Amino acid sequence: MLIKNNYNFDRQHIWHPYSSIKKPFPCYQVIKAKGCKLKLNNGKTLIDGMSSWLSAIHGYNHPRLNLAIKKQIKKMSHVMFGGLTHISAISLCRKLIEITPLPLECIFLCDSGSVSIEVSMKMALQYWLGRKENRQKFLALQYSYHGDTFAAMSVCDPKNSMHNLWKGYLTENYFAEAPKCGFYENWSIKDFDDFAYLIEKHHKKLAAVIIEPIVQGAGGMRIYNPKYLQLVREYCNLYDVLLIVDEIATGFGRTGKLFAFEYSDIEPDILCLGKALTGGTMTLAATITTREIADTISNSYANCFMHGPTFMGNPMACAVAVENLNILQNNDWVHQVGNIEKQLFKFLLPLKNSQQVSDIRILGAIGVVETNRSIDIAAIQNFFVRQGVWIRPFGKLIYLVPPYIIKEHELKKLIESIFLAIEYPLNFL
Ligand SMILES: *Cc1c(COP(=O)(O)O)cnc(C)c1O
């Protein structure tokens, strides 16, 4: 017999991200979202500090994004991409090639961020097959996060992603010590020693280095010195190893640059984009590479790149992504993100003086509070909801990644709620 009460049904039958069916975390039912506000079924309205995991950069229920989807659905919601094409995919790829570095000009459209990582890794492997070299290892960083599918997991931080659990099944890769030098700190060359050692030692086996530029996201919200990424690029050139840059979290203005790798003045060999690509409306990602890599892949096997998901290049997702990029251009994201950053420095940074706080990290529209003690997620979530804000911490981290359109008083309210939450002992384990 199915449970009548929707909340209980959800708890007994539906998995949420990283959750238990047996002992689920509390969930809040959203009935409507508009701008920077989420409306719950109990009538409460929350100011959103998460952009639904960095995706809804222009806020929810955006009229222009909605219209783009409506226009597309009148023509067709989907057609297979094998043997067929359509103007929405073509327009999107034109735009992506236009806004990314010149050498990146061949695109594979994917269903999600994790899949775009799978695709990037497969590209690297096929590239070396094309060059008749046996290279099957990847070099990643500690604290990295690249997704939850198996190849992606194999390049995530071994502890965070519980590689022990998958031992014998998961491919083993190399992990360099993560950069310790913060974004604003003086660069110390020591930070790069481990990476330099590993790439020098293993380069003949390495298909690629894979890295999140400047901000390591879900693996710890660490914001590191641009010099590190610059050296990664230099060493990849020196040892002839491909560089995959995972801009899924950081892309489209979040860090104050359109792409975070611009802080290091480098160009990737393979670039992964996702999350904000459709403005938080639909799932879509893209993997972009150079002509040279694409051509070499073609030499590897039957002239083909061996990937082709059913919903590849979904017209609705592509159409809304095009409009999302249009809005990004006329909304003046540089000022929006700049203002958020200014406000974070002014109002969030002072929290550094709190006994409960070990570090504050800010870059662009990202504000991170690292606490001294582990957070009781269910308790603090409830606390935030009672305050009228939507902030979802993990581990020891409370972070804000609001929609770019957030108003000053809304961001202020988010920050104030964090101040209150930090001083409330029951929010900690
Ligand atoms: C979210 C994320 C992914 C995975 O994307 P999904 O769409 O969740 O599969 C990969 N890399 C980074 C850096 C991410 O933040």
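Each reported figure results from applying straightforward, stated rules to the coordinates on display, with no laboratory input. Keep in mind it's a predicted model, so treat the numbers as computed, not measured. Cβ: placed from backbone, ideal geometry, glycine included. Neighbour counts: every protein chain shown.
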* Cα-based shape type of the stretch 150-222, given that a ≥ b ≥ c are square roots of the gyration tensor eigenvalues and the cut on a/c is 1.5 -> oblate
* Relative to the compact globular guide of 2.2 N^0.38 Å, what is the alpha carbon radius of gyration of the stretch 309-361, as a ratio? -> 1.89
* To do: Positive end of the charge dipole of the stretch 65-328 (Lys, Arg +1 and Asp, Glu -1 on Cβ, about the Cα centre): tell me which of Ser188, Trp128, Tyr228 has its Cα farthest that way.
  => Trp128
* Which value in deg cm²/dmol, rounded to the nearest 500, describes the helix-derived mean residue ellipticity at 222 nm for the chain, given -39,500 (n - 2.57) per DSSP H run of n ≥ 4 and division by the residue count? -> -10500 deg cm²/dmol
* Only Lys, Arg (+1) and Asp, Glu (-1) charged, at Cβ; the chain dipole about Cα centre in debye -> 1540 debye
* Taking H as built 1.01 Å from N, whose amide H comes closer than 5 Å to the amide H of Ala176, not counting residues under 5 places away? -> Ala140, Leu141, Gln142
* Asked: In the neighborhood of Leu344, defined by Cβ-to-Cβ distances under 15 Å, what is the net charge if each Lys or Arg adds +1 and each Asp or Glu adds -1?
  -> +2
* Rough spin-label spacing in nm, given labels placed 7 Å along Cα→Cβ, for Asp332 and Thr171 -> 4.6 nm
* To do: Scan the stretch 1-62 for trypsin sites (Lys or Arg not before Pro) in coil per DSSP, keeping those whose Cβ has at most 11 other Cβ atoms within 10 Å, and list them by number.
  => Lys4, Lys22
* To do: Using Cα centres only, tell me the gap between the stretch 1-43 and the stretch 55-84 in whole Å.
  => 26 Å
* Per-peptide average of other Cβ atoms within 10 Å, ordering 45-56, 296-307, 233-244 highest first -> 45-56, 233-244, 296-307
* To do: Could you calculate the FRET efficiency of Ser188 with Lys32 from 1/(1 + (r/R0)^6), where r is the beta carbon distance between them and R0 is 41 Å, rounded to 0.05?
  => 0.25
* To do: Wrap a convex hull around the Cα atoms of the stretch 65-328, take a quarter of its surface area, and give that in square nanometres.
  => 13.8 nm²
